[in-house]
1. Which value, in nm² and rounded to one decimal, describes the direction-averaged projected area of the C-alpha convex hull of the range B:52-284?
2. With a 1.4 Å probe and every protein chain left in place, work out the accessible area per residue of chain B in Å², rounded to a whole number.
3. List every residue whose amide H lies under 5 Å from the amide H of B:T35, counting only residues 5 or more places away in sequence or on a different chain, with H placed 1.01 Å from N in the peptide plane.
4. Taking the simple approach of a point 7 Å from Cα along Cα-to-Cβ for both A:I86 and A:R130, what is their distance in nm?
5. Roughly what would the spin-label model give for B:L198 and A:V252, points 7 Å off Cα along C-beta, in nm?
6. Please average, across the residues of A:95-101, the number of beta carbons from any other chain that are within 10 Å of each residue's own beta carbon, and give a whole number.
7. For B:L50 paired with B:S5, estimate the spin-label separation in nm (one decimal), with each label point 7 Å from Cα along the Cα-to-Cβ line.
8. Tell me what chain A gives for mean residue ellipticity at 222 nm when only DSSP H runs of n ≥ 4 count, each as -39,500 (n - 2.57), the sum divided by the residue total, rounded to 500 deg cm²/dmol.
Amino acid sequence: MNRSVPATIIIAVASIVLVLVCLFPFAWMALSSIKALPELYTVPPHWLPDAPTIANYVKVIFNSNIPRYFMNSVIISVGSTLLALILAIFASYGFARFDFRGKPFFQTFVLVGQLLPTAAIIVPLFITLRYLHLVNTYWGLILVYMIITLPLSVWMLTSYFKAIPIELEEAAIVDGASRLGILFRITLPLSTPGLVAVLVYAFVTTWNEFIFALCFATDSSVKTLPIGLAEFSTEFNTDWGGVMAASMVMTVPIALLFLFFQNLFVGGLTAGATKG
Amino acid sequence: MGRQSTGLLFILPAMIVLAMLIAYPVFYTGYLSATDAKGALTIKNYANVLRPAVTTQAFINLIYFVGGSIVFQVVLGTAAAILLNLEFTGRSLLRSITLIPWVVPGIVAATTWAWMFHTEFGIINYMLTGSGVIPAPISWLTNRDTVMPVLIAINVWKLFPFVAIMVLAGLQAIPADLYEAAKLDGANFWQEVRFVTLPQVWPVITAVTLLLVIWGLNSITIIYAITGGGPANRTLITPIQIFKLAFESFQFNQAAALSVIFFVVAAIIVAIYLKMQAMSAREAR
């Protein structure tokens, strides 16, 4: 493509600015995480560490609650994601392929679920969970994360299922396949990209969630990584090296997962939002 | 196709879970807000929660935070999308990098920026004083005048990538012949942006803005982790006030009353927004 010299320069400058803005905090986090304590508290700050060290990581991995919280995060995120996916598959299939009384009402209900301010229902949720003895349990968090992930998952998957030609299913019905057989043998395999998109969305969202975890997980046996990180940094004397190392431990797995599935995810999200 | 009841069976499990987690809590919030600790009906909770000046201030702070964030998120996100829509070497790498702020967990973004804005050891003060932009280090996060703009900037950094990918998807859906027609008419780059691109992506921008409003009204993580609502309630927003009333003061009924007010206000804002969108869609036709 031919472009004038000034236009090329503008594009180059804008790209560099964009990269710096997006990457700089992440880079600074990574650099700070390998600096020894004295170097972190130097004025003026050093750009690159004089003597890179993994001491902060050793501390985070062997001398803190972070590994425990990491496991809790994995259990809760995986559990909640799988449950949301299963519920969303059935619900989306119902919405995409059937007409039934009350369907507009139920679809609006799902939409409202997406629009609801979470801060407004945190108090009754807490009371409900306490009544059901689910505060400080994996199940409590797995369930409440449904509020955040299920509505958009249903929304995204419905548009995926609708895009699959109905003739394929009709042919299978003629051959005597059951509804569930069709769903599992025909529709699901054809919507793998959509399923992955929902999976990544739900996993990233639950992994990053902070405020529900803060309210419903007060015991270290179920606390998740975001809470662990907040504790790390709100102690009276913040150990910034440790905080940055813990931040890396929390961010890198999720960033890799996301970047790997980026195309599917972005496609699923835009399909869900623009086609409804 | 299919019988009435089959479709209902498919959606039932998800609906039960959502009813349990959304419908029931919403009604229960209403009940809590209208009763006292013993369960007797009262309007005291509303009076008690509306009376203190801090409630008004938290709401004004919320509007300031959400409004300020959205303006910059939409403008910067759209600009980034227009850049990413051009064809140049390294575009797909740039697109991946642009997504990073959005993927970084909110709490990580909060702590990293708090470290960067550290008064003594923060890199931002160092860069600004070193280049002579400011004469002396600023205590960004404890100064009453700088703390909110700084939090808005962090929030903008976190979410403008989301606007960028959504708008980018909208841009890529624009038929190429529209641009060719504009070129034939002798349009320059800015005229193309003004008369072809923006009108075409406007529906996406409005849909994204609605999501940003909802997320903005919900935002707690960044502000709570960095300032906890301080200094002197300068960054206290309504969601944090609800959280503190319930889980620090254990005033569940008052917190519920504030939740109901907040819910109604949020619903009104969303309704006005949808109404305006429907009106502008009609005008466009």
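The values are calculated or read from the model by the stated rules, or taken from the named source; none is laboratory data. The structure displayed is predicted, hence computed values, not measured ones. Glycine also receives a Cβ, built like all others from the backbone with ideal geometry; neighbour counts cover every protein chain displayed. Just the protein is used for accessible areas: all its heavy atoms, side chains included, with ligands, DNA and RNA removed. Shrake-Rupley method; radii C 1.70, N 1.55, O 1.52, S 1.80 Å.
1. 16.2 nm²
2. Solvent-accessible surface per residue comes out at 47 Å².
3. HN-HN under 5 Å from B:T35: B:T42.
4. A separation of 3.0 nm, rounded to one decimal place.
5. 4.4 nm
6. 6
7. Placing both labels 7 Å along Cα→Cβ, they lie 4.9 nm apart.
8. Estimated from H runs of four or more residues: -24000 deg cm²/dmol.
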